[in-house]
1. Which residues make up the longest stretch of the chain clear of trypsin sites (Lys or Arg not before Pro) that lie in a DSSP loop with no more than 11 other Cβ atoms within 10 Å, not counting the sites?
2. Taking the 0 to 90 degree range and rounding to the nearest ten, how far is the long axis of helix 2-15 tilted relative to the main principal axis of the chain, both from C-alpha atoms?
3. Taking the Cα centre of the stretch 2-152 as the origin, how large is its charge dipole in debye, to the nearest 20, when only Lys and Arg (+1) and Asp and Glu (-1) carry charge on their Cβ atoms?
4. Between rounded, prolate and oblate, where does the stretch 66-108 land on the alpha carbon gyration tensor, with a ≥ b ≥ c its root eigenvalues, rounded for a/c under 1.5, else prolate if a/b exceeds b/c?
5. Does the stretch 98-153 classify as rounded, prolate or oblate by the C-alpha gyration tensor (a ≥ b ≥ c root eigenvalues; a/c under 1.5 gives rounded; else a/b over b/c gives prolate, otherwise oblate)?
6. Going by how many other beta carbons lie within 10 Å of each one, how would you line up ASP28, ASP140, fewest first?
7. Which aspartates and glutamates have a Cα lying under 16 Å from the Cα of LYS41, excluding residues fewer than 8 positions away in the same chain?
8. Which label belongs to the value computed from this structure, given these candidates for Cα Rg over 2.2 N^0.38 Å: (1) 1.08; (2) 1.16; (3) 0.96?
Amino acid sequence: MSLDTYLEAKAKILTNKEKGFFIGPRSDELIAFAQEATGLKFSGTYLDFLKSFGAGNFGAQEIYGIIGDDFENSSVPDAIWYTLTERREIKLPNHLLVIYDSGNGELLCLDFNHPHEPTVVQFFPGIDVDQQTFAVVASDFGDFLLDLVNQEL
């Protein structure tokens, strides 16, 4: 279940603070600005992640979120900057938000085409959108985050 797995991941992050480096909680105003910039409505576990951690690393795992309000001149792990850049450069579909780069050619994205919690799907830059399978790698952000945290522990 999404909330349970997210809360387990959050507890492990907070218990192992020495492994984490996060920008810190993001304000409601900044989150609203990011939602306006992307045209997406963050909710559930990812919204809590933004309000609790913002963006950052747990061990070697870099989880993208919101850094600041300059979405044109930023860098990873800024999900908003990365998503807007990929929309311009590789035609990333508007319903996706990049939250992770696997390092082997795939981007993992929240897919906001789902009515409740977005799923986490694969997107491969360089492959035409019509050829993408958008394979689900996690049923929601909570499952995704817990998997990353467990890999580091």
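1. The reported range is 92-153.
2. It works out to around 60 degrees.
3. For the stretch 2-152, the charge dipole is close to 220 debye.
4. Judged from the Cα gyration tensor, the stretch 66-108 comes out oblate (a/c at least 1.5, b/c at or above a/b).
5. Oblate, because a/c is 1.5 or more while a/b does not exceed b/c.
6. By the 10 Å Cβ count, ascending: ASP28, ASP140.
7. Within the straight-line limit of under 16 Å, LYS41 reaches these aspartates and glutamates: ASP28, GLU29, ASP111, GLU117, ASP140.
8. Given (1) 1.08; (2) 1.16; (3) 0.96, the calculated one carries the label (3).
Where a number appears in this text, it was derived from the coordinates with a stated rule and is not lab data. On a predicted model such as this, the values are computed, not experimentally measured, just so you know. All Cβ positions, glycine included, derive from the backbone under ideal geometry; neighbour counts span all protein chains shown.
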